[in-house]
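The values are calculated or read from the model by the stated rules, or taken from the named source; none is laboratory data. Only a predicted model underlies this, so the values are computations on that prediction, with no experimental measurement involved. Here Cβ is always computed from backbone atoms with ideal geometry, including for glycine, and neighbour counts include all displayed protein chains. The area values use the complete protein model at the heavy-atom level, side chains included, leaving out ligands, DNA and RNA. Shrake-Rupley method; radii C 1.70, N 1.55, O 1.52, S 1.80 Å.
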Amino acid sequence: MQLSTLEKLNEARSARRAAVVVNDTSSGRAQAFIEGEAFPAEWEAAISETLRSGRPKLSALDERSIFINVYLPPPRLVVIGAVHISQALARLAPVAGFDMTIIDPRTAFATAERFQAIELLADWPEDVLPTRPLDRYTALAAVTHDPKIDDYPIRAALEAGCFYVGALGSRKTHASRVERLRSAGVSQEAIGRIRAPIGIDIGAASPAEIAVAVLAEIIEALRHRDPAEQGHAT
Amino acid sequence: MTNDAKMLDPLEIAEAWHGQGRAVALATVIETWGSAPRPVGSHLVIDGEGNFEGSVSGGCVEGAVVGEAADVIASGLPTVLEFGVADETAWRVGLSCGGRIRVYVERIDG
């Protein structure tokens, strides 16, 4: 593989763009292609298939062995609420490979001192999300308990097809949330996708333990997606 | 990608090592059968001194891949390696999990 091919691939990966590399394993030739580019006719079908499935593909062509590797954007985690649980998540999520962003308009919570080395935006989700759209490689966890802050991003995440949408709150809190979303016109199917109470059931008690339970639930959602949408780790 | 993840990312490391003037080979799992520890597409990056980052198995065959990578770095010719079940009596390198994998090893040129 030429260095220029590796550089093109790494650049696409850091810009969160899906990419493939077509390798001829006999000659060592390799070409990188980015999602949205025009692909050469002979590879178009195979490249489109790997981008759609997220699965690399090994095939034979005229006695050559061709390996197409695929690189989907790394999963991202957007947390609504700069609370105690988020502080623990801010340390755990990067180790598990997630890009993490915290959004909270309450400046008393959203301080750089409480959150180091994490992107922290002290603004309303209504103002932030239009400029930084959610996508299907993104998980959203809403943990403020405050409908004024949480409801908008939850709806936005359901509309964007985020692979995980979780909301903190007791069953009672969630029941009122469901009522509000329903009156706002959100479909029953979409509401059913919200994971609440948030986190897998490991009896988590402390904020750090709840963060582990939430991260585990996010990883489960990522890895148990429809195989046609499943990402793959390098 | 987070800084923590980037520090462990074989492709970022491959580019950085090359930038430091080190000879670099990239190993990639291209096929698996049965129970394999790392999925197809996984990378291991190796330099001319035998330093490596990433993984193509659970640590079972990395040593052998690193050895072969030295030849690939010297010749510039890519190769495909195949590893099967470990045979302890023969001291053969292999996978204790019972799977089989094929690993493509190439040099980064530029």
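Miscellaneous remarks
- Scanning the range B:2-43 for residues that are closer than 19 Å to A:Lys8 by Cα and touching a Ser or Thr at 6+ places or on another chain (Cβ under 6 Å) gives a single hit, B:His43.
- Checklist (1) at pLDDT below 95; (2) in contact with a helix residue (DSSP H, G or I) (Cβ under 9 Å, 6 or more places away or on another chain) applied to A:Ser170, failing item: (2)
- Exclusive hit being of a type outside the set (D, E, K, R), open to solvent by 10 Å² or more (accessible area, probe 1.4 Å) and touching a His at 6+ places or on another chain (Cβ under 9 Å), set A:Pro73, A:Pro56: A:Pro56
- Single match in A:Pro75, A:Pro56 (criterion: farther than 30 Å from A:Asp151 by Cα and in contact (Cβ under 8 Å) with a residue 40 or more places away in the chain): A:Pro56
- Counting only strands (runs of 3 or more DSSP E) that sit completely within the range B:1-76, zero hold 1 or more residues that are among the basic types (Lys, Arg) and open to solvent by less than 60 Å² (accessible area, probe 1.4 Å).
- Criterion: outside the structural domain of A:Pro125 (by TED's automatic domain parsing), of a type outside the set (A, V, I, L, M) and either modelled with pLDDT under 90 or farther than 30 Å from A:Val22 by Cα (or both) - qualifying residue of A:Ser86, A:Ser48: A:Ser48
- Taking the criterion of being aliphatic (A, V, I, L, M), more than 23 Å from B:Thr79 (Cα to Cα) and touching a helix residue (DSSP H, G or I) at 6+ places or on another chain (Cβ under 6 Å), the only residue of the range A:24-43 that qualifies is A:Ile34.
- For A:Arg91, the criteria (1) under 30 Å from A:Ser48 (Cα atoms); (2) assigned to a helix (DSSP H, G or I); (3) of a type outside the set (S, T, N, Q) hold in every case but one, which is (1).
- Residue count for the range A:182-219 satisfying the condition of being outside any loop (DSSP other than H, G, I, E, B), open to solvent by less than 20 Å² (accessible area, probe 1.4 Å) and farther than 13 Å from A:Ile154 by Cα: 6.
- The residue list A:Arg136, A:Arg132 contains one member that is open to solvent by 20 Å² or more (accessible area, probe 1.4 Å) and either in contact (Cβ under 8 Å) with a residue 40 or more places away in the chain or of a type in the set (S, T, N, Q) (or both), which is A:Arg136.
- If you check A:Ile102, A:Ile66, A:Ile34 for being within 14 Å of another protein chain (Cβ to nearest Cβ) and farther than 24 Å from A:Arg180 by Cβ, only one passes: A:Ile66.
- Check on A:Thr107, open to solvent by less than 20 Å² (accessible area, probe 1.4 Å) and more than 14 Å from every other protein chain (Cβ to nearest Cβ): no
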